[in-house]
Amino acid sequence: MKVGVIGLGRMGAAMAANLLRAGHEVTVYNRSPEKAQDLVDQGARLAARVEEACAGAAVITMLADDPAVEGVVCGEHGVVAGLGAGAIHISMSTISVALSERLQGAHEAAGQRFVAAPVFGRPEAAAAAKLFVVAAGAAAALDECAPLFDAMGQRTFRIADRPPAANLVKLSGNFLIASVIESLGEAMALVGKAGIDRHQYLDILTSTLFAAPVYRTYGGLIAEEKFEPAGFAAPLGQKDIRLTLAAAESLRVPMPLASLLRDRFLTLLAQGGEALDWSAIGQLAARDSGQGDRRG
Ligand code: NAP
């Protein structure tokens, strides 16, 4: 399939590489063009402008946040301006429900189709084509996108014909992950201060009632205090809690735990955590308890 990929960050570059590997004809665009070189070496065509990445049957955006997506899609010479009639914009970033609704409207008005397909899985999963794709949009559009999703992920969940539903499910999932990171951080601070080995403690958890990837992945990062390089940067985690709370407010759903997580992220960012992985909020409880950096 002839497809464009806009946004070659930690996730987008790996996803574009898997599309190429699966035999798709891929055109890539990134604001900082040097990040495209590896993909060009692998056979991608480089677009100098957003519009040039929109000439195919579909274009994927994997950009950081709402302002980036809205600017690239709705701006002058953006995706809406560049995409042909009936072509599909697949938004795979974690964006707000409200923006997803606006994008759906903009594409409909332009005679184009819009699919929201945010993903679960960190950059390692993206590189291994093991993402989980949560897709929503018109059934025919989702059918056409299926070969692309198969090239990037291990499973696609088709959840609704309204794209914003996928964005809400993705945000709720990241709220749950952040909750686990925070609670693991508190539990590890507790046992760690008592002198219990945190790696052994994590082994007990993940061998018994908590044998889930989220506990393994994030428990390991917290136990190792391995927050650099960031796989999922703290400002993006903060963004997801903010967007979860915005959706909760508009649906009138109190989420006290999400409010607490918002403050945890603000603490992390205020204390110089911009470049760290979002799992670094899992270190705050240890710090609050007077335990410093234990990485020797
Ligand atoms: P990233 O490494 O920070 O990459 C962000 C991308 O967005 C880069 O291509 C960047 O371009 C571009 N960008 C940022 N602001 C822009 C702007 N104003 N105009 C144009 N381009 C802009 O982020 P990522 O980790 O790949 O995440 C991308 C999306 O996937 C986010 O929505 C994130 O929440 C979601 N996500 C991430 C993970 C993860 O584990 N990392 C997992 C699931 C979902 P430059 O290269 O020029 O800066």
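Would region 2-162 count as rounded, prolate or oblate if I go by the C-alpha gyration tensor, calling it rounded below 1.5 in a/c and otherwise prolate when a/b exceeds b/c, oblate otherwise?
Numbers: a/c = 1.44, a/b = 1.11, b/c = 1.30.
Rounded shape, in that the Cα axes give a/c under 1.5.
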Report the label-to-label distance for residue 1 and residue 159 in nanometres (one decimal), using points 7 Å from each Cα along the Cα→Cβ vector. 2.0 nm
Quick one: in region 137-296, what % of C-alpha pairs are over 22 Å apart? 50 percent
What figure, in Å² to the nearest 10, do you get for the accessible area of residue 267 with a 1.4 Å probe and non-protein molecules left out? 50 Å²
Using modelled backbone amide H atoms (1.01 Å from N, in-plane), which distant-in-sequence or interchain residues come within less than 5 Å of residue 158's amide H? 135
Spatially proximal aspartates and glutamates relative to residue 2 (Cα-Cα < 17 Å; intrachain offsets below 8 disregarded): 25, 51, 52, 143, 144, 150
For the chain, what is the relative contact order in percent, using Cα pairs closer than 8 Å and at least 6 residues apart in sequence? 14 percent
If you stretched the chain out fully between residue 52 and residue 98, how much longer would it get, using 0.36 nm times the residue separation minus the C-alpha to C-alpha distance? 13.9 nm
Rounded to the nearest 5, the percent of antiparallel DSSP beta bridges in the chain equals 15 percent
Along each principal axis, Cα extent of region 137-192, largest first, Å: 52, 23, 9
Gaussian network model of the chain, Cα within-10 Å springs - most flexible of 31, 252, 122: 252
Need one number: nm distance between label points at residue 289 and residue 194, each 7 Å from Cα along Cα→Cβ, rounded to one decimal. 0.9 nm
Computed ³J(HN,Hα) along region 16-27: with the Karplus parameters 6.51/-1.76/1.60, θ = phi - 60°, integer Hz and x for glycine or proline, the list is 4, 4, 5, 5, 4, 4, 7, x, 7, 8, 10, 10
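Suppose the chain between residue 271 and residue 35 were pulled fully straight at 0.36 nm per residue; how much longer would it get relative to their current alpha carbon spacing?
Details: separation 236, 0.36 × 236 = 84.96 nm, distance 2.93 nm.
Additional length available on full extension: 82.0 nm.
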Added length on full extension, which subtracts the Cα-Cα distance from 0.36 nm per residue, residue 81 to residue 252: 58.0 nm
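Keeping all protein chains in place, calculate the accessible area per residue for the chain (probe 1.4 angstrom), answer in Å².
45 Å²
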For residue 226, the lysines lying under 24 Å Cα to Cα, once residues fewer than eight places off in the same chain are dropped, come out as 130, 193, 239
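Let me make sure I get this right: for region 1-68, a, b and c are the square roots of the gyration tensor eigenvalues over alpha carbons, sorted descending. Under 1.5 in a/c it's rounded, otherwise prolate if a/b > b/c, else oblate. Which is it? All intermediate terms of the calculation are to be shown ahead of the outcome.
Working: a/c = 1.41, a/b = 1.23, b/c = 1.15.
It is rounded, given that a/c, with a ≥ b ≥ c, falls under 1.5.
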Can you compute the helix-only [θ] at 222 nm over the chain? Use -39500 (n - 2.57) per DSSP H run of at least 4 residues, normalise by all residues, nearest 500 deg cm²/dmol. -15500 deg cm²/dmol
On each of the three principal axes the extent of the alpha-carbon atoms of the chain, given in whole Å and largest first, is 63, 46, 35
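The values are calculated or read from the model by the stated rules, or taken from the named source; none is laboratory data. Here the structure is a predicted model, which is why all the values come from computation and not from measurement. Every residue, glycine among them, receives a Cβ derived from its backbone with ideal geometry; neighbour counts consider all protein chains shown. Side chains included, ligands, DNA and RNA excluded: accessible areas come from the protein's heavy atoms. Shrake-Rupley method; radii C 1.70, N 1.55, O 1.52, S 1.80 Å.
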